[in-house]
């Protein structure tokens, strides 16, 4: 048995209960999320549909003018399969309003702007729809920093944040999601031919195995090399984890008083309810 394997039935039950319970603490019974046509958003949508009911989930497709039309097609197939409502918001004019005058040509910067535009849309629609924004970022992406701060890593609740990519696929198969999202190469769809693994320079399978041993099992460099990993690959991934820690924590507040928020004034999210 692969040490990364999970029990999909149990994971589904835990995550559905998590969404229902945490949203319910604040009086919410609806969810809003971006549906990209990829595996992660499809799994989050499926979990939200089970937690709140398909009639209480709004899946939003937010293409840019250069987005692959296949992404929207796959997203619509997932939405139809789940029975959730959809909304399409083209972010081209919104993003170009900044990208054009600022003459931004760097692909990473452009992608980050698009990701943040999409989150603006989701949080505005969450007010209109009366639902919490559900996250779609998995543990592999979070550890590697392969996400946009205040963009795709922003959400009110994230059911996938403790699942490696391998485990997301396991859960997706268990949930019976369409083959179109199960079989496609993971991609942020930032430009033609772009793939996550192509940008990272290694596969998710390689990353998941190393991250599990490095983070969950706390193996040393020597142990990881003995397990078959190249030392430079281990160091490269470890550097990425450390360099992107700022994306995984709340903004750091300079401490001046006796009780500073997130230093001494710390309560559970449900405090006061």
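Going by the conditions given, is residue 136 within 15 Å of the chain's Cα centre (by Cα), touching a residue at least 12 places away in the same chain (Cβ under 8 Å), in a loop (DSSP other than H, G, I, E, B) and crowded, with 16+ Cβ neighbours inside 10 Å? Spell out how you get there, then give the answer.
Working: within 15 Å of the chain's Cα centre (by Cα): yes; touching a residue at least 12 places away in the same chain (Cβ under 8 Å): yes; in a loop (DSSP other than H, G, I, E, B): yes; crowded, with 16+ Cβ neighbours inside 10 Å: yes.
The answer is yes for residue 136.
Given (1) in a helix (DSSP H, G or I); (2) under 20 Å from residue 37 (Cβ atoms); (3) within 18 Å of the chain's Cα centre (by Cα), where does residue 241 come up short, assuming only one miss?
(2)
Among 226, 231, 242, which is the only one that is touching a helix residue (DSSP H, G or I) at 6+ places or on another chain (Cβ under 9 Å), modelled with pLDDT of 95 or more, farther than 30 Å from residue 52 by Cβ and surrounded by fewer than 16 Cβ atoms within 10 Å (Cβ to Cβ)?
The match here is 231.
Going through segment 147-169 one residue at a time, which ones are closer than 20 Å to residue 270 by Cα and in a loop (DSSP other than H, G, I, E, B)?
Passing the criteria: 154, 155, 156, 158, 159, 161.
The values are calculated or read from the model by the stated rules, or taken from the named source; none is laboratory data. None of the values given here were measured: they were computed from a predicted structure. Note that each Cβ is placed from the backbone with ideal geometry, even for glycine, and that neighbours are counted across all protein chains shown.
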